Each structure stands twice: as structure tokens, then as C-alpha cells.
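Engineer: Below is a structure I'd like to ask you about.
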Amino acid sequence: MIEVTVKFLAGSREDFGISDTTISMPQHAVLSDLGPYLHALGVDQEADDIIITLNSRGLRQWPSDRRFAPGDVIAVFPLISGG
Amino acid sequence: MFQGGYMGRLLRIDLSTRHYSIEEIESEEYRLFLGGRGLGALWYWREIGPEVRPLSPENKIGFFTGPMTGVPLVSTTKLQLTTKGPETGHYLCSNSSGNFGPRLREAGFDALVLEGVSERWTAIVVENDTVRFIDDESWQGTTPMCARDRLLDGLPGGKWATMSVGPAAESGVVFSSLFVDDGRAFGRGGGGAVLASRRIKALAVRGDGSVPLADAAKCKEITAAARDNLKTSRAKHRQLGTSQLVEIINELGCMPTRNFQTAWAPPERVEGVYAQTLHDQYYVRNYACYRCSVACGQMAEVNEGEFAGAQARPEYESIGLLGPSCGINKMDAVIAANQKCDDLGIDTITAGNLVALVMELFQRGLVSAEDNEGLEVHFGDGQALLYMLDFIAERRGLGDMIADGARGIIQARPEWERYILHSKGLTFPAYDPRGFHGMGLSYATSARGACHNVGGYTVSGELLKGKPDRYAVEGKGEYVKSLQDNRAYIDSLGLCTVVRGAYQFTTSPAPETLLAITGYDFAPHLMTIGERISTLERMIWVREGINRNQDALPPRMKEAIPDGPAAGHFISDEMLDTMLDEYYVSRGWDVTGKPMSETLEKLELTEVLGLG
């Protein structure tokens, strides 16, 4: 199994009631396998108002068959603009 | 052509003679330029020549509303300022929320132009079709809020809106702001200094009219739908405000840190200025602009410690540049610095940038306390930050040079340019473009110098959503052009950009809103109007001698970010050239960045600009 850290940033901490956790994924899990694991945390990967990154890059910037590796960090945060 | 949405009149005030006149604005100008920023650019082209210097008597300052300003829909608050700005020495467009735009429309005007110079320090009062002056030399040196309060004390009751400047504007600080009502501002570019150079301390406006609407019933429907949309789509903005971006942008490795020496700090060294800290320890209440149901502003107050009593409304940009970029991890110090900027009347973005510059100069031993009236200014020192802000407004110590902005500093000390983050003299907002390269193109090509808004807000796309790829250079030209044109028409509507989605003012805009207000179907033309405005603004810059050579990024952008999630990334000259080449092609500009004649013809600009 591979341990992947999931961090909830800014307003997402209150929304999901958690600041960080780890999920255990099978040895050969790839990015396209992520959805159900996030769903179990209450996170809808397709929601318009949420941004999800893997190692500080948007999920769309990674190939869907990218394998998870030790030390990977998923971040979840609200879509905010302006300032 | 239009059944509503426009008052059709411009109020021109000659400050030298104290005469004023009312002029008609032609429908064709609305059709081509919509309002706001677009009308302002056209006015600038016609009335402010390349020979005019920003703080000279020949400069003028104009304020322009859009067809949505002051109409009974959500967040119809925006007013545009247009002038030759002292921070870049060239064209300045700037927008502010607040009540001034709506009240100007109630007085019967779409635009207000000030020219000449008053003999005495004065305030201008516009009430419907009348203009009067209140002279009072004792207003000099007062804060913008104090000037506002004193002006309102002398006026009869009614729904007045105000603008006012602070002591920094009177000192000619080139990044002094112009404040609207009790807390919004035309922040960037030095509009406050231009107004003060005319000896105007404040303005007030009210009126008894209202903006005509083509279909008032439909406007009510649209308002209800927009409110419903915003309850969910902008709930996060209300909850914690834009300050949430501090944590997010740092996590993504693009947070200016210690004057952009890096773009990230470990969470324990930046969490003191997170949104959660602001909310848990300093939050007082939300506040809203004119007719806004989002209320994204967060009023904050410090109740104890060395900065007790400080009050401000810190937004992301202010926190980023007065906080991490100055090495400060204490929200109370940021709130105090934000309030100091407001009291002095200076732009928090440039102030943060240039105090961070001073801190780096101390760090490198390039200046000492002897150069600065005995004051040492080091990263992380909140009290020194506050003192330095005073030094800038009072032109003391290093503050005298800093008050002249990036261009002034480089002129005096060219060897310091490598430490100054700017494009065309306007300092960087709180995003390090080495971590998402489209933002570099935005800064380099923005119509007012480095700006994340006018230049195209690539944060949501390339940085947050990851589309396009943040580190790619190919494809960024067309991408940034589209964002810029979208923003140019939004800035011409009179609407706050935060709520644009509720009306579907996207790159494929929906027709209902403007049809209900004006009776004219603008929607199919809005992106073309945006492109027309962008190209006109470029023609202004070209006329003032600016070309590809100035579409540049500062030397630090060529250095790799040393650590954090974007470590190793930079923007080389070659990378910027690739983006510029693509950008110019997409715009129909030649390789020097000058719009080609066929582009001007296609955008119906040739005749309007008198180039036929």
C-alpha cells in the first residue's frame, strides 16, 4: 500500500471538518483511481467550486495513468479569486 | 439606439477658471466602447497627448461609469479612473467600488472630467447639475477619511458619495491612492497624486435622478436570479474573503517571499497571516459595496499587543505584499500596516513591494541606518515597516527616493534594478509569475504596467485549475489575450468582477442583462469591444514611445525560484519572447508590438482615432 497525504486548505478545512489525513492506496494505484478515495472523505472531484492538486499541480496537468508514489500530497481548497 | 443604461452626459470642470460645462456623449461611442474603461481610453486618446507629464497642469483626470453602474442589479458599483499616471509616466486605468459611480449617475452624468489647477486647496461638490467649491487650506495633511468626514459635516443631509486623498498624495508620492467613501480606493498607479497636483483634496456627489432601464421588470428577474446564484457560487468569498489565497498561493509555490527572493515559505513561517488567523483573532464583520449581496470584505481589528487599535480591511494583495514579501508572519502587523497605508493614502501593493526592496537592501548591506535617518528596516520587523511607510509619505530618509516609485529609484540608482519587481514602472502584485508563466505575459503586456487584473487573471486557470499547464509557454499568447479582452469589457460595464459569473459575463457572454438595461444586444459584440479597448490602449502606449522593448519582466524573473513547490522555475528572455510572439500574432500586432493597420480597420478604430 502507498500512503498519500490529503491536506485541506483555507475554507475547505471548515467545509470538510478536517485539516489533513492520509489515504492508503494499492501499490499500483493511478490518478484515475483517486475519485472514490476522495469521495469517502466527502470530496466531489468534479465540483466546480473546489480545486484539487497533486504535488502543487492541478490534477489535469498529470496524466490519468500517473502512478501514486510515496510522499505524494493531495491538496483540496476552494476556488477563490481576486484580492 | 439605446432605450436605457446611459445618461448620455459628461460633466467637465475647469479647475483654473472654476467654470463647468455639460457635454453630450454620442451613442456611437457607447456602441464601440461600452462605457467605463473603454470610454476612458477613447477620451485619453483625444485629450491627453504624449507630451503631457503626469503631475503637470496639462494633465487631466477622468471618471467613467458603465451601463450597469448604479442600476438596481447586484454589485453595480464600479467607476473607472483614467489619467496619465505618475507611477508609470503613461496611461493609467484604475477602477474602484463604492458609491461615487452610482451617485454620479443619479446626478445625471456618465462621466466627470477635471482639468486645470485650482489656485487654492479645495473640495468639489456636485449636486445634480450644479457644481460648487469649498476652499479650505486646513485640510492639507489630513487622512482621506478625515477629509471625507469634514466635507460631509459641511453638506446637507442626503445620499452623498465622496472621493478624497491623503497626505502622501500631497507629497507627490507616485503611488498614492484616491479613496472612495470610507474604505474603497483607486489603488494603483498614483491617481491620488494627480488629483492632489490639481489642489483637490476631496469631491462629493449626489443627485435625484436614476438610470433609465429598457425593461425594468426583466431587470428585477435578473437581480433575483443573480442573488440566488451568488448565495452558493460566492459563499466562500463571504466566509473568509480573498485572504484565503495566502495559504493557497503559498502551497502552490507562487507567494512573493522576502521581496521575491523566493516564492514559498514553510507553513509555520506564513500561517500567522492565513485567512483562518484573520478570521479567528481579528475579524469584526463583513462589509459590502453598493448593492452587493456577497460582502466579501472582512473588517479586522487588533485588540491587544503592540499594534492594538489598528483597523483595516485586508485583502489578499495587501496581506501578501505587506506580509510574506516583507518577511512578516504577524497578522496584527499587517493590519496596522494596511491601516497606515490607508491613513497616508498610498497603494498597499507598491508600498509592500518597495518596503520589501528596502529590507533587501539592508539585508545585502547596500544601505545602512545612516542612509535612513537612523532607522534600520529588516525583514520581519513590523514596527520598521510602519515607520518606513511614514518616511515615504513624508519623503524622509530612503523614503524620499522610494516615494518616486520603481522608475524613480532606477533612475537614481540603476544598480538596484535587479532587486525591483515591476513592469513599465508598476510593481508586481502578489503572485510570482515564475510559478505560472502566463502571469508573466500578463504583467509584461498589461495596459497599465504589471497588473494581475488588467493584464489577465490567469490564477484561476493555469495555476488553480491547471489548464493550461502552468509552466508551458506555448498557447499562453492566445490565452492571455482572451482574458485581457474579457476583463476590458467587464471594466467597461460598471460591474464588480467578483460577480461576473452570476450574469455570465464570460468569453461567451449571455445577452439578457445588457438587453434588459439598454435595449441593445451587446452580447455578440462584447469580446470584440474588449479587443477594441485593448488595442486602443496599446495605440496610446505606442504613441507615447512604448514598444516590445518595454513589454518586459525584471531581472529577478530570470533567476530560478530557490525552493518550494515551484523550485527551479524561471522565465528567460527566450521564454518571454515565445509568449510575446504568439500574443502579438493573436492580436494582429506587428513584431514590435504595434497594432497593424488592418487590425485597426477590423476593429473600427481607424476613423474613430482619426487615423484614416
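Laboratory data are not the source of any read-out in this text; all were calculated from the coordinates shown. A quick note: this is a predicted structure, and the numbers were derived from the prediction, not measured. Heads up, the Cβs are rebuilt from the backbone with ideal geometry, glycines too, and the neighbour counts pull from every protein chain shown.
Engineer: Tell me what chain B gives for mean residue ellipticity at 222 nm when only DSSP H runs of n ≥ 4 count, each as -39,500 (n - 2.57), the sum divided by the residue total, rounded to 500 deg cm²/dmol.
Structural biologist: -10000 deg cm²/dmol
Engineer: Quick query: amide H of residue A:29 versus all other amide H atoms, modeled in the peptide plane; which residues come in under 5 Å with a sequence gap of 5 or more or a different chain?
Structural biologist: Excluding prolines and chain starts, which carry no amide H, the hits are A:68.
Engineer: Using packing as a proxy for protection, rank B:399-407, B:267-275 so that the peptide with the highest average count of other Cβ atoms within 10 Å comes first.
Structural biologist: Put in order of decreasing packing, that is B:399-407, B:267-275.
Engineer: Quick one: dipole size for the protein assembly as shown, taken about the Cα centre, charges +1 on Lys/Arg Cβ and -1 on Asp/Glu Cβ, in debye to the nearest 20.
Structural biologist: The dipole magnitude comes to about 700 debye.
Engineer: Calculate the dipole size of chain B relative to its Cα centre from +1 charges on Lys and Arg beta carbons and -1 charges on Asp and Glu beta carbons; express the result in debye to the nearest 20.
Structural biologist: Dipole about the Cα centre, nearest 20: 960 debye.
Engineer: For the ranges B:588-598, B:200-210, what's the packing order if you count other beta-carbon atoms within 10 Å of each residue, average per peptide, and put the highest first?
Structural biologist: B:200-210, B:588-598
Engineer: Give the residue from B:102, B:128, B:50 lying farthest towards the positive end of the charge dipole for region B:18-133; charges sit on Cβ (+1 for Lys and Arg, -1 for Asp and Glu) and the dipole is referred to the Cα centre.
Structural biologist: The residue sitting most towards the positive pole is B:102.
Engineer: Okay, next question. Pairs to check: B:78/B:594; B:424/B:558; B:231/B:465. Give those whose C-alpha atoms are more than 24 Å from each other in this structure.
Structural biologist: B:78/B:594
Engineer: Continuing with this model, one more query. For peptide B:459-468, what's the mean number of Cβ atoms from other chains within 10 Å of each residue's Cβ?
Structural biologist: Average neighbour count from other chains, rounded to a whole number: 5.
Engineer: Could you state the number of Å between the C-alpha centres of region B:366-442 and region B:168-213?
Structural biologist: Region B:168-213 and region B:366-442 have Cα centres spaced 24 Å from each other.
Engineer: I need the helices of chain B that pass two filters: whole DSSP H segments spanning 30 Å or more by Cα along the axis, and mean Kyte-Doolittle score no lower than 1.0.
Structural biologist: Helix filter hits for chain B: none.
Engineer: Among B:487-497, B:19-29, how do they line up by average Cβ neighbours within 10 Å per residue, starting with the highest?
Structural biologist: B:487-497, B:19-29
Engineer: Across the residues of B:403-410, average count of Cβ atoms on other protein chains within 10 Å?
Structural biologist: 0
Engineer: Farthest toward the dipole's positive end in region B:1-155, which of B:111, B:141, B:1, given Cβ charges of +1 (Lys, Arg) and -1 (Asp, Glu) about the Cα centre?
Structural biologist: In region B:1-155, that residue is B:1.
Engineer: Same structure again: Report the net charge of residues surrounding residue B:207, where surrounding means a beta-carbon distance below 14 angstrom and charges are Lys +1, Arg +1, Asp -1, Glu -1.
Structural biologist: 0
Engineer: Too long at a 24 Å Cα-Cα cut-off: which of B:220/B:467; A:7/B:476; B:159/B:201?
Structural biologist: Violating the 24 Å Cα-Cα cut-off are B:220/B:467; A:7/B:476.
Engineer: On to the next question. Go ahead and collect, in residue order, the members of region B:177-208 whose backbone nitrogen is under 12 Å from a label point 7 Å along the Cα-Cβ direction of residue B:56.
Structural biologist: Taking a point 7 Å out along Cα→Cβ of residue B:56, no residue of region B:177-208 has its backbone N under 12 Å.
Engineer: Please average, across the residues of A:71-77, the number of beta carbons from any other chain that are within 10 Å of each residue's own beta carbon, and give a whole number.
Structural biologist: Across A:71-77, the average partner-chain Cβ count within 10 Å equals 2.
Engineer: Another question, if that's okay. What length, rounded to one decimal in nm, is gained on full extension from residue B:577 through to residue B:159, with 0.36 nm per residue of separation minus their alpha-carbon distance?
Structural biologist: Extra length available between residue B:577 and residue B:159 comes to 145.3 nm.
Engineer: Say each of residue B:235 and residue A:27 gets a label point 7 Å from the Cα, pointing the same way as Cα to Cβ; how far apart are those two points in nm?
Structural biologist: 4.3
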